[in-house]
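Since the structure comes first, as structure tokens, the remarks are kept for the end.
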Amino acid sequence: MSRTYLCLAQNTFRNGNYSLVPIRDEDKYAIMQWRNEQIDILRQKQPLTKEGQEGYFTTTIANLFTQEKPGQMLFSFLENDILVGYGGLVHIDWESKNAEVSFITETKRNTDKEQFINDWRNYLQILKPLAKKHLGFDKLYTYAYDIRPNLYPALLNSGFIEEACLKNHVFINGQNHDVLIHSCFLNQLVFRMADENDVMQYFEWANDEDVRKNSFSNEAISLENHKKWFKQKLNTDSCFLYLFLLNGESAGQVRIDKSNGETVIGISVDKNYRGRSLGTEMLKQATTNFLTKHKKEQIVAYIKLENKVSLSSFRKAGFENEEIVTEQNHKSYKLYKKIAA
């Protein structure tokens, strides 16, 4: 018999071959085995027993489906309708509209980096809309021991940002380890710094038709050249790549780059998020962050004369003292922004 949560109008959620269904009684022993095999990464002190697992499913799990606002909501994670993992939302705060994300997969899949990241991405692609659209949540977060290097690329590429690091917070196998907290803000524009896993997202933005039209070089960019450029920018202390997320999805980027004696800024908004006045807010957040850390710097923006939309965004973001100059053979506005005296 399938279970249903009272707070959900639907109880099966799919993304391609993957799906989430309310946690099934038939999966309890597989889940027990996985948890015992992966006990080091879990907040679980002792191995689970069949007797204990039976009792947990009969009482705690069964009661979740009779509550209008349960403290946790657990799901079986299926690929082609076969169980490959389980997880859900735990430590739910219905008043603050946030919850912690819980998820583990079958142990062999957990040790395969490519499979692990793919499972997490697909899982979160289902869980985030479930939390936002069906439950009205504003924020999801993870609480993970810093012994899971494959987890963080999956989170960052799924719209999470590192919000906190609790130094030497847990003792595992004779050593102290940090705890990392990553958060996904489902109704806010936030940023994180780009990393090597974002190379293809930046490549897509760089070759967007409107981006190329408004750039000082209109030629399409090859993947080979882009990868070299991106790696070089990540490995220098003079370039700052701000990747912006809205509703946990990539919405655009701001680059602040020190070169040729100036600190120059550039921006592009993802085509799916244009027309929402995000550019101004992105510029405000990025420049505030940068100038707070580099108080003596002055940021310069170059904008083609015909790009009136971008000019308006920069003005609203606090850029001023504009002048007309020739930049790379194009008549352009030159604007400035620095910390107010």
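Here are the numbers:
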item: T292 being modelled with pLDDT under 95, part of a strand (DSSP E or B) and surrounded by fewer than 15 Cβ atoms within 10 Å (Cβ to Cβ); result: no
item: Breaking point among (1) in the same structural domain as K139 (by TED's automatic domain parsing); (2) surrounded by 15 or more Cβ atoms within 10 Å (Cβ to Cβ), for N17; result: (2)
item: Unique match (being of a type in the set (F, W, Y) and within 22 Å of K128 (Cα to Cα)) among F216, F230, F244, F240; result: F244
item: Residue match in region 146-158 (condition: surrounded by 15 or more Cβ atoms within 10 Å (Cβ to Cβ), polar (S, T, N, Q) and under 29 Å from T287 (Cβ atoms)); result: yes
item: Criterion violated by S313 - all others in (1) touching a Gly at 6+ places or on another chain (Cβ under 7 Å); (2) touching a residue at least 60 places away in the same chain (Cβ under 8 Å); (3) small (G, A, S) satisfied; result: (2)
item: Unique match (being under 25 Å from K28 (Cα atoms), touching a Cys at 6+ places or on another chain (Cβ under 8 Å) and in contact (Cβ under 8 Å) with a residue 12 or more places away in the chain) among E68, E106, E79; result: E68
item: Total residues in region 92-140, condition in a helix (DSSP H, G or I) and aliphatic (A, V, I, L, M); result: 6
item: Every residue from region 253-286 that is among the polar types (S, T, N, Q), at pLDDT below 95 and under 17 Å from C239 (Cβ atoms); result: S259, N260, S268
item: Residues that are surrounded by 14 or more Cβ atoms within 10 Å (Cβ to Cβ), without any contact (Cβ under 8 Å) to a residue 60 or more places away in the chain and either over 32 Å from the mean Cα position of the chain (by Cα) or under 15 Å from V264 (Cβ atoms) (or both), drawn from region 318-331; result: F319, E322
item: Test: residue in region 112-123 that is more than 20 Å from the chain's Cα centre (by Cα), surrounded by 13 or more Cβ atoms within 10 Å (Cβ to Cβ) and touching a residue at least 24 places away in the same chain (Cβ under 8 Å); result: no
item: Within region 330-341, tally of residues that are in a loop (DSSP other than H, G, I, E, B) and among the small types (G, A, S); result: 2
item: Hits in region 300-329 - residues which are assigned to a strand (DSSP E or B) and among the hydroxyl-bearing types (S, T, Y); result: Y302, T326
item: In region 40-67, residue farthest from Y18 (Cα to Cα) [restricted to those that are modelled with pLDDT of 95 or more and of a type in the set (D, E)]; result: E51
item: Test result for E68, assigned to a loop (DSSP other than H, G, I, E, B), in the same structural domain as S158 (by TED's automatic domain parsing) and closer than 15 Å to L135 by Cα; result: yes
item: Contacts under 7 angstrom Cβ, first residue in region 125-144 being small (G, A, S), partner modelled with pLDDT of 95 or more and not in a helix (DSSP H, G or I), 6 or more apart; result: A131/L89; A131/A99; A131/F137; A131/L140; G136/K97
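The values are calculated or read from the model by the stated rules, or taken from the named source; none is laboratory data. Predicted model, so just to flag it, every value in this text is computed and none were measured. Counting neighbours? That spans all protein chains shown, and the Cβs are built from the backbone with ideal geometry, glycine included.
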